[in-house]
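Okay, so here's the structure we're looking at.
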């Protein structure tokens, strides 16, 4: 009987060249160039659990000098919860919602002055509520565009995103209307730019907005066509970022957007890809953050940025508000 163990593998003789007993020299594997890794500069620093309600719209309220800011987070109905920077629930405000389903979809604080007001967009009822900084109602109005009504035609149809311009006037995005509508703070129509469609210069599902006050341009998230269009005040489309997909710089039904000019970056909530993307203002990709188990970052929606550069992101399905820091 052979001394070789039954479970041992037979010894293989070295391969030889044809017609020769000279073994073929063993080839060493060539070194492989490592794939350069892209550092993830977006860091999760806090995770607020809203437990019993789904967060949606969000913005940051700056207080008087020497005091800390507050984070305002709405639910999908008519409530706005006020948090401190530690994620502690301080108080809750209620705004009228006569439209039934489809409550608060936009929230914007005018932080230009210490007494700047808070604008709340009700999606289904088309009302814009203007709040004082203590949450009391200052005024309410429905934006009506000449030639239409607030319920159709060329009026505000499913309003969503809103920005406050340096002169105090407002731009409101109309999801179904495919336009950006300019109003005074009291709701008087000024003008509209854009038209419904998917071609260059048209808008399809405009949602959240970001404004670059240095260059006077508006970044518009178009969730139906998975892109971001950049417009000037004349209604000229200057740039289109993204397109449908899951690769770097592509989107799947994006919703929120925030511009940080101090770092020359744009943050985008890439909702159906379950991630946050960070782009340069020219559209080139920088980094992204996602979570494999999707529990912590499922369908991110609205976004806001604090004076310290912290990024606040709402995730309705998991009832969380995520807090990030971007470190270039």
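The values are calculated or read from the model by the stated rules, or taken from the named source; none is laboratory data. Small disclaimer: the values here were computed from a predicted structure and weren't measured. Cβ coordinates were reconstructed from backbone atoms using ideal geometry, including for glycine residues, and neighbour counts include every protein chain displayed.
For the structure I just gave you, tell me whether residue 153 is under 27 Å from residue 282 (Cβ atoms) and either surrounded by 17 or more Cβ atoms within 10 Å (Cβ to Cβ) or at pLDDT below 95 (or both). It would help to see each step written out before you state the result.
On the way: under 27 Å from residue 282 (Cβ atoms): no; either surrounded by 17 or more Cβ atoms within 10 Å (Cβ to Cβ) or at pLDDT below 95 (or both): yes.
Against the criterion (under 27 Å from residue 282 (Cβ atoms) and either surrounded by 17 or more Cβ atoms within 10 Å (Cβ to Cβ) or at pLDDT below 95 (or both)), residue 153 does not qualify.
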I'd like to verify a number: residues in segment 229-250 that are outside any loop (DSSP other than H, G, I, E, B) and more than 22 Å from residue 191 (Cβ to Cβ), how many? 4
Checking residue 316 against (1) farther than 19 Å from residue 205 by Cα; (2) in contact (Cβ under 8 Å) with a residue 40 or more places away in the chain; (3) touching a strand residue (DSSP E or B) at 6+ places or on another chain (Cβ under 7 Å); (4) surrounded by 16 or more Cβ atoms within 10 Å (Cβ to Cβ): exactly one of these is not met. Which one? (3)
Residue satisfying all of: in segment 117-141; modelled with pLDDT of 90 or more and in a loop (DSSP other than H, G, I, E, B); farthest from residue 61 (Cα to Cα) among these: 136
Could we say that residue 259 is part of a strand (DSSP E or B) and free of Cβ contacts under 8 Å to residues at least 60 places away in the same chain here? yes
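Per-residue answers, yes or no, for (1) touching a helix residue (DSSP H, G or I) at 6+ places or on another chain (Cβ under 9 Å); (2) free of Cβ contacts under 8 Å to residues at least 24 places away in the same chain; (3) in a strand (DSSP E or B):
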residue	(1), (2), (3)
191	no, yes, yes
199	no, yes, no
208	no, no, yes
211	no, no, yes
214	no, no, no
218	no, no, yes
Determine which single condition residue 195 fails, assuming it passes every other condition in (1) surrounded by fewer than 19 Cβ atoms within 10 Å (Cβ to Cβ); (2) modelled with pLDDT of 90 or more. (2)
Hey, among the residues in segment 156-168 that are modelled with pLDDT under 90 and in a loop (DSSP other than H, G, I, E, B), which one's surrounded by the fewest Cβ atoms within 10 Å (Cβ to Cβ)? 158
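Just wondering, is there one or more residues in segment 307-325 that are over 25 Å from residue 120 (Cα atoms) and modelled with pLDDT under 95?
The first filter runs over segment 307-325 and keeps only residues over 25 Å from residue 120 (Cα atoms), leaving 325.
When the remaining residues are screened for being modelled with pLDDT under 95, the result is 325.
Within segment 307-325 (the criterion being over 25 Å from residue 120 (Cα atoms) and modelled with pLDDT under 95), the answer is yes, since at least one residue qualifies.
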Scanning segment 85-115 residue by residue, the ones that are farther than 19 Å from residue 316 by Cβ, modelled with pLDDT under 90 and in contact with a strand residue (DSSP E or B) (Cβ under 9 Å, 6 or more places away or on another chain) total 3
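Part of a loop (DSSP other than H, G, I, E, B), touching a residue at least 12 places away in the same chain (Cβ under 8 Å) and over 24 Å from residue 313 (Cβ atoms), is that true of residue 187?
Values: part of a loop (DSSP other than H, G, I, E, B): yes; touching a residue at least 12 places away in the same chain (Cβ under 8 Å): yes; over 24 Å from residue 313 (Cβ atoms): yes.
Here the answer is yes, as residue 187 does meet what is asked.
Counting just the residues of segment 297-310 that are under 13 Å from the mean Cα position of the chain (by Cα) and touching a residue at least 60 places away in the same chain (Cβ under 8 Å), which one comes out surrounded by the most Cβ atoms within 10 Å (Cβ to Cβ)?
Looking only at segment 297-310, we keep the residues that are under 13 Å from the mean Cα position of the chain (by Cα), and these are 297-305.
Next, from what is left, pick out any that are touching a residue at least 60 places away in the same chain (Cβ under 8 Å): 301-305.
Numbers: 301: 23, 302: 30, 303: 24, 304: 24, 305: 19.
Filtering segment 297-310 for residues that are under 13 Å from the mean Cα position of the chain (by Cα) and touching a residue at least 60 places away in the same chain (Cβ under 8 Å), the one surrounded by the most Cβ atoms within 10 Å (Cβ to Cβ) comes out as 302.
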Could you go through segment 274-283 and let me know if any residue there is out of contact with any helix residue (DSSP H, G or I) (no Cβ under 8 Å at 6 or more places or on another chain), without any contact (Cβ under 8 Å) to a residue 40 or more places away in the chain, over 30 Å from residue 68 (Cβ atoms) and not in a loop (DSSP other than H, G, I, E, B). yes
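Do we find that residue 45 is at pLDDT below 95 and either touching a strand residue (DSSP E or B) at 6+ places or on another chain (Cβ under 9 Å) or not in a loop (DSSP other than H, G, I, E, B) (or both) in this structure? Reasoning before the result, please.
On the way: at pLDDT below 95: yes; either touching a strand residue (DSSP E or B) at 6+ places or on another chain (Cβ under 9 Å) or not in a loop (DSSP other than H, G, I, E, B) (or both): yes.
Taking the combined requirement at face value, the residue satisfies it.
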Scan (1) outside any loop (DSSP other than H, G, I, E, B); (2) at pLDDT 95 or above for the single condition residue 225 breaks and write down its number. (1)
